[in-house]
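First up is the structure itself, then whatever we jot down about it.
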Amino acid sequence: MDASWPAPSRRIQELMRQGALIALAPKQEWIEELNGATLSGERIRAVAEDPVLAESVRQSSLANLLHWASSNVQRPGERVPPNLAQGSLETARDMVRRGLDQTALDTYRTGQSVAWRRWMDICFGLTSDPGELHELLVLSERSIRTFVDDTIDAIVARMAVERDQLVRGSHADRLAAVTLLLEGAPIPPARAEAQLGYQLTGPHVAAVVWGAPTTPADQLEMAAEAFTKASGAARRLTVLASSAAIWLWLPVSAVPSSEQLAPHIAAVPDVRIGIGRPGRDLAGFRRSHLDAVATQRMLARLTSPHQVAHYDDIALVALLTSDSARADEFLRDTLGGLLTAERDIRDTVATYIREQCNTSRAAERLYTHRNTIIRRLARADELLPLPLPHNIVAVAAALEVVRWRGQPS
C-alpha cells in the first residue's frame, strides 16, 4: 500500500468493496450517459466526429470505470494504479496520429464527473450512517480523482513518446503532407508528390477503410488490397490514419459498385469501406476524401449493416439523418405502420418506386407474381399515413433511410 495514502477502517474498506462490485456491472443507462458525456464539448469535436476515435474513447472510458472498480474489489480503499491497458495506449497513439494534443484527454475528466455522480448514488445505498458516509465519500472522491490524474499523466507521457517517434518516421511525413493538402495549404505539388510517392494530377478515388478498435491491422490491409485489385488500380496511396483506419487514394476514374465490391471483402466482415466520388487533380483529391469521410460517418452514425458504400449511394440519407431525432420523427410520420411492417412489403414499395411505379417491372425485379405485388402495395396503403401516390417522394426517401440504417431506434 502507498505509505502516503490514508488507511481506511475495515468498515469503509468493506463498503468500498461492496460498491465496487455494483460498479463492475454498470447498467446500460450508466454506460450511455458516460458515452454521451465523454464525447461532448467543443474541445473534443475532432474526436467525436471520427467514428474510429469515438469508439476507442467509449471503450477506454468504460475500461477506466471497470479498472477502478476491479481494483477496489481486490484492494478496497487503496490507491488505484493508472489504467495503461493496450486499448488506452492505442487510443493515445491514434490521437497523436491525428495531430491531437493532450486537451483531447478532457474526455477522461467528463467521464470522471459522470462516474462520481453514479458512485455517490451507490454510496447512499450502502449506508445511512452519517459518519460512515462522510468517510466513504471523502476517500472515494480522492481515489477517483487521483486515479484519473495518474492515468492522464501516464498517457500524456506515452503521447509524447509516440509524437517523437512519428516526427522521425516516414508515416509522419505522409500524414503531414496529406493533412496540409486536405486543409488547402499552399504546399507545392511537386514537393507533396515527392513526399507521398503519388501523383496528384489526373484522376482520384478516395476511400476510408476502417474497423473496430480491436480489428487486426492485417484485416484492414486485406480489405484495402482487395478494394485496390477490384478497382483495377496498379498502385495506391495509403495513409495510416489510426490503428483501426486507413485512408486510401487510387489513381482511377471509377471503381466497382458497392454490390460488386462486397464479395471481395466478405472474408473480413468487421471491416467497412466508405468511398468518395471520383475527382481529378488536387481538387478531386480533396473532395473525394471528404466524401469518403462523410460516408464513413453516416455508416457509423446509423450503425448500418452495409459493409461497403459509395458517397453517391448515401448522399441523400446522410443529409436526412444528420439529426438523428428528427430523422426518426420523419420516418414515423412518413411511413407510419409501414416502418415496422414485414420487410417484403417495404422492399416491394421501394422497388415499385424505383421501377417508376410499374407493377410488371417490379414483379420482374423481385421474381414475384404481379398479383402479389398488387396485394403488397394495397397493404402498404393501409399502413401508410397517406396513400402512396399522394406522398411518393417522401416515402421513397424514408425507405432509403431504412435500407441503410441498422436496427430502428
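The values are calculated or read from the model by the stated rules, or taken from the named source; none is laboratory data. Owing to the predicted nature of the structure, the values given are computational and were not obtained by experimental measurement. Please note: Cβ atoms are built from the backbone with ideal geometry, for glycine as well, and neighbour counts cover all protein chains shown. Remember, those area values only see protein heavy atoms, side chains included, never the ligands or the DNA or RNA. Shrake-Rupley method; radii C 1.70, N 1.55, O 1.52, S 1.80 Å.
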Exercise. Given the conditions (1) modelled with pLDDT of 80 or more; (2) open to solvent by less than 80 Å² (accessible area, probe 1.4 Å), report the number of the one that HIS171 does not fulfil.
Key: (1)
Quiz item: Got a sec? Which helices (runs of 4 or more DSSP H) wholly within region 1-86 have at least 1 residues that are closer than 16 Å to VAL114 by Cβ, open to solvent by 50 Å² or more (accessible area, probe 1.4 Å) and of a type in the set (A, V, I, L, M)?
Solution: 10-23, 51-74
Quiz item: If SER324 passes every condition in (1) open to solvent by 30 Å² or more (accessible area, probe 1.4 Å); (2) over 23 Å from ALA46 (Cα atoms); (3) in contact (Cβ under 8 Å) with a residue 60 or more places away in the chain but one, which one does it miss?
Solution: (2)
Quiz item: Can SER128 be described as part of a helix (DSSP H, G or I), of a type in the set (S, T, N, Q) and not assigned by the TED database to the domain that holds GLY211?
Solution: no
Practice problem: Quick one: PRO278 ticks every box in (1) modelled with pLDDT under 95; (2) open to solvent by 20 Å² or more (accessible area, probe 1.4 Å); (3) under 30 Å from VAL47 (Cα atoms) except a single one, so which number is it? | Solution: (1)
Self-check item: Selection within region 217-228 - open to solvent by 30 Å² or more (accessible area, probe 1.4 Å) and modelled with pLDDT of 90 or more
Solution: none
Quiz prompt | In region 355-376, the residues that are of a type in the set (Lys, Arg) and either in contact with a helix residue (DSSP H, G or I) (Cβ under 8 Å, 6 or more places away or on another chain) or not assigned by the TED database to the domain that holds VAL395 (or both) | solution = ARG365, ARG370, ARG376
Exercise. For THR151, work out the one condition from (1) assigned to a loop (DSSP other than H, G, I, E, B); (2) modelled with pLDDT of 80 or more it doesn't fulfil.
Key: (1)
Quiz item: On the given criteria, is SER242 closer than 23 Å to ARG297 by Cβ and open to solvent by less than 10 Å² (accessible area, probe 1.4 Å)?
Solution: yes
Quiz prompt | Search result, residues across region 372-393 that are in a helix (DSSP H, G or I) and surrounded by fewer than 16 Cβ atoms within 10 Å (Cβ to Cβ) | solution = THR372, ILE374, ARG375, ALA378, ASP381, GLU382, PRO389, HIS390, ILE392, VAL393
Quiz item: Within the group ARG287, ARG280, which residue is outside the structural domain of PRO51 (by the TED database), without any contact (Cβ under 8 Å) to a residue 12 or more places away in the chain and over 20 Å from the mean Cα position of the chain (by Cα)?
Solution: ARG287
Quiz item: Which members of region 327-371 meet the condition of being farther than 13 Å from GLU400 by Cα, open to solvent by 30 Å² or more (accessible area, probe 1.4 Å) and among the β-branched types (Val, Ile, Thr)?
Solution: THR340, THR368
Quiz prompt | SER56 being modelled with pLDDT of 85 or more, in the same structural domain as ASP121 (by the TED database) and of a type in the set (Ser, Thr, Tyr) | solution = no
